[in-house]
Every structure is written in structure tokens, then in C-alpha cells.
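Undergrad: Below is one structure. I have some questions about it.
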Amino acid sequence: MRPGIRKTVLVIHIVVSVALVGEVWGLVALNTAAALTKDLELAHAAYRLMPILVFAGGIPLSVTALITGITLGLGSHWGLFRYYWIVIKLVLLVAVICLGMFLFDPEGMAAATEGARQAVATRQWSQVAVLCGQIAMLLIATVLSVFKPRWKLR
Ligand code: HEM
């Protein structure tokens, strides 16, 4: 890739992948507040608003991070399956996307807190746990991206 194009793709990659860390952190804060509050209508409203963050943030950011990451790998001396730090990031990002698709369920939580008399605490805290797992994986990917350990795949 010509240096100008690589740098442009790299800027987009850094912006979207680090923005993803911020988006998931926002969801951790919202879900923790929803789990802690005694005001179930507030929790219900929070769960109803979360899909906006997912569809306007999480999905486009994670898909763009994946596409630009693969492009950078294939278009630079790093390659895609040459260094462990890139393969680990690929696995981490796919895991983050799968956790979001299969385990994060704000619509279900909105339904569960609709007119609910008692909090659905266990389910609420399991949502927080899923999001904390995503944050941990994204932070590992960010650290790997800066230190770029030289371990090469055979
Ligand atoms: C999980 C989310 C990800 C985060 C937070 C992330 C973050 C970053 C950051 C901050 C950099 C810049 C590092 C620097 O220049 O010092 C970077 C570079 C890079 N990333 Fe990612 N990345 C992610 C996912 C991916 C994926 C899935 C791939 C490949 C499949 C990938 C491939 C690359 C490559 C090849 C570079 C180096 C580009 C270059 O210097 O030419 N990244 N990444």
C-alpha cells in the first residue's frame, strides 16, 4: 500500500478501534447504573436506549476496525498471520463482536424490567460482566498494538 493510503487507513483504524473502547465503556456505565438503581422505570428507559449506542456505535465501529485491521495487515510488512500480536487481535475482535451479538441483550432487559416490581439483578449484572469482558479484550488489543511483540508464527 502506498504510504499515504496506509497512513490514512491506519488513522481510521486507530480512531474506530479506540472509539469502540469508549462506546463499550459507556455501556458498562449505563448497565451498572441500571443494575444499581432502585428506580426500575429509569433502568427500563436505559435498556430501551442502549440499542441506539449499539447500532450507531458498536456495530459500525467494530466492523470498520476489523476491515481496516485486515487491510493494514495484508497491505503492510506485518502480514495477517505472520505475527502473534495481529492474530491475537483478530481473535479478540471477533470474540468482542460475538459477545455483543449473542450475550448482550438490552432489548431483553428492557422487556424484563417493563412494569417489573422486583429488579432482575442476576441478569442485570450478567450484562455488566459481558461488557467488562469486551473492555478487557479491547484494552489487551490496544496494548498489543502499541508494543507489537516480535513473536512470529512459524
Ligand atoms: C480489537 C480491536 C483493535 C484495536 C483496539 C486496535 C488498535 C490498533 C492501534 C492503536 C494501532 C496503532 C499502533 C501504532 O501505530 O503504534 C493498530 C495498528 C494495527 N492494527 Fe489494530 N487494532 C484492533 C484490531 C485489529 C485487527 C482485528 C487487526 C487485523 C486483523 C489489526 C491490525 C493492525 C495492524 C496491521 C496495525 C499496524 C499498522 C501499521 O503500523 O502499519 N488491528 N491497531
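The values are calculated or read from the model by the stated rules, or taken from the named source; none is laboratory data. Because the structure is predicted, anything quoted here is derived from the model rather than measured. Neighbour counts are summed over all protein chains in view; Cβ atoms, including those assigned to glycine, are modelled from backbone coordinates with ideal geometry. Ligands, DNA and RNA are excluded from the accessible area calculation, which covers all protein heavy atoms including side chains. Shrake-Rupley method; radii C 1.70, N 1.55, O 1.52, S 1.80 Å.
Undergrad: I'd like the full set of residues that are open to solvent by 50 Å² or more (accessible area, probe 1.4 Å) and outside any helix (DSSP H, G or I), limited to the stretch 88-106.
TA: Leu103, Asp105
Undergrad: Take the stretch 25-47 and flag every residue that is open to solvent by 70 Å² or more (accessible area, probe 1.4 Å) and modelled with pLDDT of 95 or more.
TA: Hit for the stretch 25-47 is Trp25, nothing else.
Undergrad: What's the total number of residues in the stretch 68-87 that are near the ligand (Cβ under 9 Å from one of its atoms) and either part of a helix (DSSP H, G or I) or under 30 Å from Asn31 (Cβ atoms) (or both)?
TA: 11
Undergrad: Within 23 Å of Ile135 (Cα to Cα) and under 19 Å from the mean Cα position of the chain (by Cα): which single residue out of Tyr84, Tyr47 fits that description?
TA: Unique residue meeting the criteria: Tyr47.
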